[in-house]
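Worksheet: the structure to be examined is printed underneath.
The values are calculated or read from the model by the stated rules, or taken from the named source; none is laboratory data. What you are looking at is a predicted structure, and each value in this text was computed from that prediction instead of being measured. Cβ sites come from the backbone with ideal geometry, for glycine too, and all protein chains shown count toward neighbours.
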Amino acid sequence: MATPMSLKPPTSPSCGSVLMQCSSRPRNCQWSEPMYSAERPARWYLIQTKPRQEARAEEHLQRQQFECYRPLRSGERKRNGLALTEEELFPGYLFIRMDQVNDNWYPIRSTRGVARIVTFGGHPAPVRDELIEQIRQRLAAPAPRMVFTQGEPVRIKAGGFCDVEAIFLATDGTERAVILLNMLQRQQKVVLPINSLTRMEARA
């Protein structure tokens with residue numbers, strides 16, 4: 001019997017590959033009887049969803065009274081202005097809490113949006129409660145934010161102006177900053193995500 005898997009919440013968008021490491025090469029779900037444990041019947045397990053159907057799978061599992069956890073993180077997307085978005089922390093996966101003794105596992109395979117349950121040796125592989133709590137705490141923690149002063153030289157570290165130097169002018173809300181750029185022999189004000197700026201001396 002394999003030991004419970006250990007995940008480390010990734011910091012990059014390509015986190016599906018990290019999850020795949022938990023089960024080496026996840027086999028097609030055998031839908032075998034789960035591993036029973038009288039001492040701890042309710043555990044978290046990992047569900048693989050169909051492409052871009054995480055929310056759909058979560059909705060239909062919850063309709064069946066299953067407890068689900070789909071970690072989301074805040075992001076920013078520029079489309080007709082800057083908008084805050086929520087992104088999947090683990091694209092293609094979600095967690096489900098199952099009672100190994102009393103819950104019926106078999107309807108899961110026909111649930112809309114669900115591809116399979118990740119297994120080890122033909123058995124659903126439990127995820128430690130501590131890991132779920134670590135993910136919750138990480139997502140709840142405020143993102144570290146660098147504080148700039150008006151007139152301070154900064155360097156842009158991401159996006160189309162990457163590695164361009166500028167002058168910090170002010171914040172615009174909580175997520176954006178107004179900077180002054182030298183463009184086409186003239187100075188122009190530009191609004192960028194504040195986390196795309198760094199101090200001049202802070203080079204990678």
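General observations
- Identity of the residue in segment 78-97, charged (D, E, K, R) and modelled with pLDDT of 75 or more, that ends up farthest from residue 48 (Cα to Cα): 86
- In segment 178-186 there is no residue that is at pLDDT below 90 and under 24 Å from residue 85 (Cβ atoms).
- Count of residues meeting criterion [surrounded by 13 or more Cβ atoms within 10 Å (Cβ to Cβ) and either of a type in the set (Lys, Arg) or in contact with a Pro (Cβ under 9 Å, 6 or more places away or on another chain) (or both)] in segment 171-188: 3
- Test for residue 122: is it in the same structural domain as residue 53 (by the TED database), out of contact with any helix residue (DSSP H, G or I) (no Cβ under 9 Å at 6 or more places or on another chain) and of a type outside the set (A, V, I, L, M, F, W, C): yes
- Any hit, segment 127-141, residues being acidic (Asp, Glu) and under 16 Å from residue 192 (Cβ atoms): no
- Residue in segment 162-176 that is under 30 Å from residue 49 (Cβ atoms), of a type in the set (Ser, Thr, Tyr) and not in a loop (DSSP other than H, G, I, E, B) present: no
- Members of segment 109-125 found to be in a loop (DSSP other than H, G, I, E, B) and in contact with a Lys or Arg (Cβ under 7 Å, 6 or more places away or on another chain), listed by number: 112, 113
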